[in-house]
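Following: one structure in structure tokens, then a few remarks.
The values are calculated or read from the model by the stated rules, or taken from the named source; none is laboratory data. Remember, it's a predicted structure, so these values are computed and weren't measured experimentally. Counting neighbours? That spans all protein chains shown, and the Cβs are built from the backbone with ideal geometry, glycine included.
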Amino acid sequence: MRRGEPHWGRVVIGFAKPRRRFQVLGNELAGEIDAIGHKVTRFAVGDHVFGFAGFNPGANADYICVPEKASLAVKPVNKSYEESAAVVDGATTALHFLRDIAEIQAGQRILVIGASGSIGTYAVQLAKRLGAHVTGVCSSANVDLVRSLGADEVIDYGTVDFTTRSDTYDIIFDTIGKSSFAACKSSLTPAGIFLPTVITPANLLQRLWTPLRGGKHVRGGLSLEKNEELIDIKNLLEANELRVVIERSYPLEQIADAHRHVDGGHKKGNIVITVDHQHSGHRGG
């Protein structure tokens, strides 16, 4: 979004520069409710919450105003603001794509591209919980991390191209937009699913025509309304059945450094921006 990429996204964000509502970035948030409208009944002042701002960003700030119907839930009691913010998009997206779009079944074989990233780290764990055999693809530096999250097999993309192997998968989940249906087709089972989170013109068209032919096909969608998934993730976190991976935390004043680190393309899990409220004594991530 910051770079206006992909270019089709500028229809929403702004063609030459960000529209006013996109001038403050940040979609994932966790913090304390400071005030509510007089008709609000879902939350109360002082509630500790986590959630998603969606197409009305602005979470990289001390305060954000969201509607009562926004994707928001009371945060897990056993997790910090930082941990709660770090699960919002990655975990809910992984859950929505695997459970609701791909309809993953126990015993299926899934390959996760970008297994050490903000979506991938949760995809590995959730796919295992749903009974799948999980293969993760990541760099050599992250092999041990992905294995520790429960992957049955880990492929170092620097030394092995999974598309050249004889192994096939029921689902190939591309969490970072680094592959394509054409590249993965030979690695899918006869009715296998290519599941990209990044929307491109090519996979939009493929989502329309590949199911009509039968056999290998593309599925996808958006994960914007997250209230149901937030509750499911909250329950997993409170039961200590989901691990949150945070590589680094940066104070709000150093947010440019955080963006530079993410732009390097090799982060592990999540990067979190923290806001210290010295006077009120609470902290938002």
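A compact table of results
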{"read-out": "Flag if residue 116 is among the small types (Gly, Ala, Ser) and surrounded by fewer than 24 Cβ atoms within 10 Å (Cβ to Cβ)", "value": "no"}
{"read-out": "Number of positions in segment 143-156 that are in contact (Cβ under 8 Å) with a residue 12 or more places away in the chain and out of contact with any helix residue (DSSP H, G or I) (no Cβ under 9 Å at 6 or more places or on another chain)", "value": "1"}
{"read-out": "Test: residue in segment 99-118 that is outside the structural domain of residue 250 (by TED's automatic domain parsing), closer than 22 Å to residue 237 by Cβ, more than 13 Å from the chain's Cα centre (by Cα) and not aliphatic (A, V, I, L, M)", "value": "yes"}
{"read-out": "Residue count, segment 1-35 (criterion: of a type in the set (A, V, I, L, M, F, W, C), surrounded by 15 or more Cβ atoms within 10 Å (Cβ to Cβ) and modelled with pLDDT of 95 or more)", "value": "3"}
{"read-out": "Filter result for residue 269 (within 19 Å of the chain's Cα centre (by Cα), at pLDDT below 95 and either in the same structural domain as residue 54 (by TED's automatic domain parsing) or of a type in the set (Ser, Thr, Tyr) (or both))", "value": "no"}
{"read-out": "Count of segment 127-142 residues which are surrounded by fewer than 24 Cβ atoms within 10 Å (Cβ to Cβ) and touching a helix residue (DSSP H, G or I) at 6+ places or on another chain (Cβ under 7 Å)", "value": "1"}
{"read-out": "Segments classed as helices (runs of 4 or more DSSP H), wholly inside segment 176-285, with at least 3 members that are surrounded by fewer than 20 Cβ atoms within 10 Å (Cβ to Cβ) and among the charged types (D, E, K, R)", "value": "227-238, 255-263"}
{"read-out": "Scope segment 87-107; condition closer than 18 Å to residue 241 by Cα and assigned to a helix (DSSP H, G or I); matching residues", "value": "87, 88, 89, 90, 91, 92, 93, 94, 95, 96, 98, 99"}
{"read-out": "The listed residue being touching a helix residue (DSSP H, G or I) at 6+ places or on another chain (Cβ under 7 Å), within 25 Å of residue 148 (Cα to Cα) and of a type outside the set (A, V, I, L, M), out of 238, 229, 247", "value": "229"}
